[in-house]
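The values are calculated or read from the model by the stated rules, or taken from the named source; none is laboratory data. The structure presented is a predicted model; accordingly, all values stated were derived computationally and were not measured. A quick note on method: Cβ atoms are made from the backbone with ideal geometry, for glycine too, and the neighbour counts reach across all protein chains shown.
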Amino acid sequence: MRAVVLADVHANLISLDAVLADARSHGEFDELWILGDIVGYGPRPNECVSRLKEFRHRALAGNHDRAATGVITTKEFNPHAAAAAAWTADNLLPETVDYLAALPDTVQAEDFTLVHGSLRDPIWEYVFTVEVAAAHLELQTTTYSMVGHTHIPTVVEEQKADLPTLRRLSAGERVRLKAARLILNPGSSGQSRDGDPRASYAILDLQARTFTHHRVEYDVGKTQQQMREADLPRYLIDRLALGR
Ligand code: ZN
């Protein structure tokens with residue numbers, strides 16, 4: 001079984017299509033695993049949801065998906081994110097709202113638990129520190145888990161009698177799935193924040209027992225143009241080219 005693992009698509013259809021084309025160039029895959037924040041920030045929420053529906057996939061909700069359907073308020077969002085969330089909510093088709101509203105907080109697939117934030121707080125908490133990673137691992141009943149939300153490709157490895165280790169994945173890096181419990185983050189396909197503006201994703205291969213991180217260039221200018229046409233906040237448009 002091969003799955004393409006995506007997080008934080010953020011309504012960026014240009015980068016999503018670049019990721020799907022790149023993933024195909026690495027071989028056939030069976031499913032998409034989507035770690036939340038399909039919408040929010042970007043200009044093509046309905047189109048991104050329709051594209052994902054073309055594939056067999058498993059998905060769950062992030063904070064932006066919950067805000068788009070009105071389940072949570074945007075008062076904890078920064079002003080740019082709140083403005084984009086309001087735009088998103090105004091522009092969703094009814095079938096997109098139905099799809100997003102039905103997304104669960106967590107999904108179990110094979111020996112993996114999938115969640116947007118952390119298992120302690122699926123919608124909001126960032127697995128940015130070893131302390132949060134340790135709290136997450138305590139709640140993790142599968143050998144492996146996958147998270148998004150930070151927009152930073154990361155691997156956390158549990159250590160015996162010590163805090164886990166947490167480090168960034170470099171482009172093209174391959175993590176071997178062994179007995180050690182892991183938290184894997186593929187980075188963001190739609191709004192990179194690690195200083196590299198390329199789209200970030202991973203391919204999980206359960207036969208080879210590998211999780212391989214990938215980076216792919218996409219036409220950032222085209223997404224920025226769509227954002228300008230939608231009158232989305234300037235700050236959000238500019239950050240895409242910087243990858244932060
Ligand atoms: Zn996000």
In the range 30-52, the residues that are crowded, with 17+ Cβ neighbours inside 10 Å and out of contact with any Leu (no Cβ under 8 Å at 6 or more places or on another chain): 37, 40
Among the residues that make up the range 85-106, is at least one of them within 16 Å of the ligand (Cβ to nearest atom), over 30 Å from residue 179 (Cα atoms), out of contact with any His (no Cβ under 6 Å at 6 or more places or on another chain) and not aliphatic (A, V, I, L, M)? yes
In this structure, is residue 47 at pLDDT 95 or above, within 27 Å of residue 229 (Cα to Cα) and more than 16 Å from the ligand (Cβ to nearest atom)? yes
Exactly one of (1) without any contact (Cβ under 8 Å) to a residue 60 or more places away in the chain; (2) under 21 Å from residue 237 (Cβ atoms); (3) buried (at least 23 other Cβ atoms within 10 Å of the Cβ) is unmet by residue 65. Its number? (2)
Which residues, counting only those in the range 172-202, are more than 12 Å from residue 7 (Cα to Cα), modelled with pLDDT of 95 or more and aliphatic (A, V, I, L, M)? 175, 177, 180, 182, 183
In the range 156-171, what residues are out of contact with any helix residue (DSSP H, G or I) (no Cβ under 7 Å at 6 or more places or on another chain), closer than 13 Å to residue 136 by Cα and of a type in the set (A, V, I, L, M, F, W, C)? none
Hits in the range 1-44 - residues which are of a type in the set (D, E, K, R) and either within 13 Å of the ligand (Cβ to nearest atom) or without any contact (Cβ under 8 Å) to a residue 12 or more places away in the chain (or both): 8, 24, 37
How many residues of the range 169-200 are over 22 Å from residue 41 (Cβ atoms) and within 16 Å of the ligand (Cβ to nearest atom)? The answer is 0
Which numbered condition in (1) in a helix (DSSP H, G or I); (2) within 18 Å of the chain's Cα centre (by Cα); (3) surrounded by fewer than 16 Cβ atoms within 10 Å (Cβ to Cβ) is the only one that residue 55 fails? (1)
Could you look through the range 154-209, keep only residues that are assigned to a strand (DSSP E or B) and touching a Phe, Trp or Tyr at 6+ places or on another chain (Cβ under 6 Å), and pick out the one that is surrounded by the fewest Cβ atoms within 10 Å (Cβ to Cβ)? 175
Might you let me know whether the range 22-33 holds any residue that is under 16 Å from the mean Cα position of the chain (by Cα), within 15 Å of residue 200 (Cβ to Cβ) and in a helix (DSSP H, G or I)? yes
Subset of the range 210-231 (residues that are part of a loop (DSSP other than H, G, I, E, B) and over 21 Å from the mean Cα position of the chain (by Cα)): 230, 231
With the requirement that a residue be of a type in the set (Lys, Arg), at pLDDT below 95 and assigned to a helix (DSSP H, G or I), what does the range 61-108 give you? none
Conditions (1) in contact with a Gly (Cβ under 9 Å, 6 or more places away or on another chain); (2) assigned to a helix (DSSP H, G or I); number of the one not met by residue 42: (2)
